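A short worksheet on the structure shown next.
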Amino acid sequence: MNTKEWPLWEVFIRSKQGLDHKHVGSLHAADAEMAVQNARDVYTRRMEGISIWVVESKHIHASNPDDATAFYEPANDKVYRHPTFYEVPAEIKNM
Amino acid sequence: MEEVEVNLEEQFEAKVAKDIRIEPKDWMPDAYRKTLIRQISQHAHSEIVGMLPEGNWITRAPSLKRKAILLAKVQDEAGHGLYLYSAAETLGASRDQMIADLHSGKAKYSSIFNYPTLSWADIGAIGWLVDGAAIMNQVPLCRTSYGPYARAMVRVCKEESFHQRQGFEIMMTLCNGAPEQKKMAQEAFNRWWWPTLMMFGPKDEESPNTEQSMRWRIKRFTNDELRQRFVDMMVPQAEFLGLTVPDKDLKWNEAKNGYDYGQIDWDEFWSVVKGNGPCNKQRIQTRVKADQEGAWVREAALAHAEKRAQRERQKAEQAA
């Protein structure tokens, strides 16, 4: 172990045209180009993807799970944002 | 302060009891983290070392088709090791440290890979039996309480079923072949049956981690439960192949609706775990050699990446 570790990258894969990229895991690579190649070998051996994104893990910023209750609170009491909040008479179709 | 800690622990236990997955940044007890790092890294090491007994036969596979299949299988094992190492890294384990622990002998891996592959039939037996046992262990792990581990296991299980089928197909081909081939299959079966039963780990009463791991829902079934299921699944398959299970005590038990099987040689099990199996030294030597001989590649790749990044910085400065 005389060298430092290759940086860690997060891998996102678009499984088919029309779908969004989805996080599938991570891997180590020296640079972005190698990360894409390694991601192909590690995560798409069975045609799981047609497009790969890689992002160095250190560049990901995440919300804090400990603050989740307070953080998502504002959405919690606004039930009127959902269509099921509204009463629609049975006679009304297609709404 | 103490009260807060208790509260977090209670919240954690409640989440696990409700089958809500634990994710990397969630609070978790230190012992849970430690247990997972140990289990996931051991699992990763098993995948990596597991490439060696099979890699032994890539250049000697009996046909191009078998060679391509075996190559794909061994490549899958490398992939499985990588999924698992990255799952362990989400818990704060470092990749280099995990590899160092494997090489120093501090970390364990599945003892099954310390047995030699003497004939081509061993490759069939490994796929059929060893991967069969691995699937039995791994399917419940798809519902394990730690999210990244569960997700890695879903990918692994999807890929693993091809491994078992290709092994069974090798066995079936041999069993339907010449008497010499049938004999090869039976001998491989004799060699791998008992070590495969040991893969499920020590008996329940001698498995110190099981109770806690079940409570944390890392494990879903005990070692003996899984071992029993495996025996019940494999005996009819062996019968189909026309192979004899190398266990004179094996018999159907109507009352428990399963097979009774003979005594496992636990002395052998512990001896192999402690490093005295037929191939322990050779396996680790091979890994260390690969690591050392690949060091210059890792260094060069890093130097190349740094040089390129520097060049791009200079270009940007000049343009500005």
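Quick note: the coordinates plus some simple rules give every number you see, no bench work behind them. Nothing here was measured: the structure is a model prediction, and the numbers come from that model. With ideal geometry, Cβ positions are generated from the backbone for all residues, glycine too; neighbour counts draw on all protein chains shown.
Structure notes:
- Against chain B, whose longest principal axis comes from its Cα atoms, helix B:179-198 is set at around 50 degrees.
- Label-point gap, in nm, between A:N94 and B:E268 - each point 7 angstrom along Cα→Cβ: 7.5
- The residues A:Y86, B:Y85, when put in order of fewest to most other Cβ atoms within 10 Å, stand as A:Y86, B:Y85.
- Between the stretch B:15-94 and the stretch A:1-32, the alpha-carbon centres lie 17 Å apart.
- Remark: the stretch B:60-215 is approximated by an ellipsoid whose semi-axes, taken from the C-alpha gyration tensor as √(5λ), come to 30, 18, 15 Å, largest first.
- Other-chain or far-sequence residues with amide H under 5 Å of B:G258's (modelled H): B:N253
- In angstrom, the C-alpha Rg and Dmax of the stretch B:278-319 are 18.4, 63.
- Table column - 3J(HN,Hα) (Hz), the stretch B:28-43, Karplus curve with 6.51, -1.76, 1.60, x for Gly and Pro: 8, x, 4, 5, 5, 4, 5, 4, 5, 4, 4, 5, 5, 5, 4, 5
- Highest-fluctuation residue, B:E47, B:E239, B:E254 considered, GNM on chain B with Cα pairs under 10 Å: B:E254
- Cα-based reach from B:K289 at 22 Å (exclusive), listing lysines while leaving out same-chain residues under 8 positions away: A:K4, B:K106, B:K108, B:K274, B:K281
- Taking N as its residue count, the alpha carbon Rg of the stretch B:1-102 over 2.2 N^0.38 Å: 1.50
- The Rg/Rh ratio of the stretch B:144-290, with Rg taken over Cα atoms and Rh as the Kirkwood radius over Cα pairs, comes to 0.99.
- Kirkwood hydrodynamic radius computed over the protein assembly as shown comes to 24.3 Å, based on all pairs of distinct alpha carbons.
- Rounded to the nearest angstrom and listed largest first, the equivalent-ellipsoid semi-axes of chain B from its Cα gyration tensor are 37, 29, 17.
- Counting 0.36 nm for each residue step from B:F240 to B:E317 and taking away their Cα separation leaves a gain of 20.5 nm.
- Rounded to the nearest 0.05, the FRET efficiency derived from the C-beta distance between A:N64 and B:R215 at R0 = 25 Å is 0.35.
- Derived value for the stretch B:70-109: Kirkwood hydrodynamic radius 11.0 Å. Basis is the mean of 1/r over every pair of different alpha-carbon atoms.
- Histogram of C-alpha separations across chain A, 5 Å bin width, %: 3, 11, 14, 12, 10, 10, 11, 10, 8, 5, 3, 2, 1, 0, 0, 0
- Legend: residue pairs A:K22/B:K18; A:K58/B:K307; A:K22/B:K315, Cα-Cα distance threshold 24 Å; pairs beyond threshold, A:K22/B:K18; A:K22/B:K315.
- A straight Cα-to-Cα reach below 29 Å connects B:K65 with the lysines B:K73, B:K158, B:K182, B:K183, residues fewer than 8 places away in its own chain not being considered.
- On the basis of the beta-carbon distance and an R0 of 60 Å, A:A32 and B:E206 show a calculated FRET efficiency of 0.75.
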